[in-house]
Amino acid sequence: MGIELQVFLRWRVLLMGLLGFSSGLPLLLTGSTLSAWLSQSGLSLAQIGIVSLVGLPYALKILWAPLLDRFTLPLLGRRRGWMLAFQFGLGVATLAMSLLSPRVSARSGTVAVAVLAIVIAFFSASQDIVTDAYRTDLLAPKERAAGTAVFIFGYRMAMLLTGGLALVVAEHFSWRVVYGLSALLMWLGMLATWQAPEPERVRPPRSLQAAVVEPLYDYFRRPGALTILLFITLYRVGDTIANVMVMPFLLSLQFGPSEIGVVYKVVGIAATILGTLCGGGLVARFGLFRSLLAFGLCQGLANLSYAALALVGKHHLLLLLAVGLDNLCTGLAIAALDAFLMALCNRRYSAMQYALLVSASGVVGRLLGGVSGVVAKQVGWSLFFFTTMLLVLPASALLLRLRSTIREADSDRNGN
């Protein structure tokens, strides 16, 4: 009974930690860490805002995902070859970034930093595509959730290094040192890719057109494909909408930015990592269906802690409890959902299909998140968070209808 721990000791699962580290390392180097560097270099808020657009490749990566299904590099196979190429590109581009200096007085330097940031974001988004496909192709059904948990652990550790720790290094040394050290750390991902096992070979799509059309046809010809897609879009919708408003809500209770920051950085990240690790073991023990149902309900119920905080007012212990529960349940749900998405992918088209399913999993929550502020203002914070809890019910009802489909997916029917 309980969490199945043995699955975490398998080499293929442990490997996911290094690949997750490699995927998480570049993210903040073109995000908040880059913004901090530009700000300290004297750039205006308008200029920093424009440079932030370099992150667009992360939102558009589905556009070139079919290319990574269709074409194979001559070294290390279809997945590992692309992974090594993108990791090498990231290392070189990040090292080049460390040699530059964005300053108001040197416009060419700022432009060069922005161009390299776009290159890094493109390579990083591309690495995410092929790493997700590699995880899908390599991991056995019992290993998927555990592999996801270890992957996220590595991802979060990398974000801590290039986020909070990077600011400390920059303060005592320089931003060039931050980016230079980050470039050196990219080699860990390359070493992991070189030593990683090759997934079972499958025949790739015959043409680029087939790489775009066949994954869609393969997915939508399955029984219940639309119901599954609807479930995926609704599974985390309440949690996504709530998270958009958590920061304004906490500030409205007169919690200071530093108080919130410490709780989110320490308690939030620790709880997310614990949630994903526990989720990986629990999915391996109890299967996808029961895990998706239990974790989805927990995710919704966790929002009630914010509703309670709204009723009580500023209360530090309740803040810790709310943030801890929210992130713990989010980690559990992510581990189960990601394992389900991998189970749905045909290994011939795993890059395209996984990118498609991941995009679907967040689109409704992001769209409704755009009006969440208006709703919260109209109904009040306690009722707002109570309503986000109720949003778990439609997905739970669909899950019950999909019980046999999910159990079939859990047995790896797409392992062709």
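The values are calculated or read from the model by the stated rules, or taken from the named source; none is laboratory data. Worth saying up front: this structure is predicted, and the values here are computed from it rather than measured. Methodologically, a virtual Cβ is constructed for each residue, glycine included, from the backbone with ideal geometry; neighbour enumeration extends over all protein chains shown.
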Between residues in the range 237-254 that are under 24 Å from Ile334 (Cα atoms) and residues that are aliphatic (A, V, I, L, M) and surrounded by fewer than 18 Cβ atoms within 10 Å (Cβ to Cβ), which pairs lie under 8 Å by C-beta distance while being six or more apart or on different chains? Val237/Leu368; Gly238/Leu390; Thr240/Leu368; Ile241/Leu368
Taking the range 149-203, which residues are among the hydroxyl-bearing types (Ser, Thr, Tyr) and modelled with pLDDT under 85? Thr162, Ser174
Conditions (1) surrounded by fewer than 17 Cβ atoms within 10 Å (Cβ to Cβ); (2) at negative phi; (3) more than 25 Å from the chain's Cα centre (by Cα): number failed by Trp194: (3)
In the set Val119, Val130, which member is under 30 Å from Phe286 (Cα atoms), at pLDDT 90 or above and surrounded by 19 or more Cβ atoms within 10 Å (Cβ to Cβ)? Val130
Please determine whether any residue of the range 212-232 is over 30 Å from Phe386 (Cβ atoms) and among the small types (Gly, Ala, Ser). yes
Regarding the range 160-176, can at least one residue be identified that is within 20 Å of Arg10 (Cα to Cα), part of a helix (DSSP H, G or I), in the same structural domain as Leu34 (by TED's automatic domain parsing) and touching a residue at least 40 places away in the same chain (Cβ under 8 Å)? no
Against the condition crowded, with 20+ Cβ neighbours inside 10 Å and touching a Leu at 6+ places or on another chain (Cβ under 6 Å), how does Ala395 come out, does it pass? yes
Whether any residue in the range 325-342 is in contact (Cβ under 8 Å) with a residue 60 or more places away in the chain and not in a helix (DSSP H, G or I) is what I want to check. no
Within the range 93-104, residues touching a residue at least 24 places away in the same chain (Cβ under 8 Å) and in a helix (DSSP H, G or I) come out as Ala93, Thr94, Leu95, Met97, Ser98
If you check every pair at least six apart or on different chains, which have Cβ atoms under 8 Å apart with a residue in the range 5-23 that is outside the structural domain of Thr136 (by TED's automatic domain parsing) first and a residue that is surrounded by fewer than 17 Cβ atoms within 10 Å (Cβ to Cβ) and of a type in the set (Gly, Ala, Ser) second? none
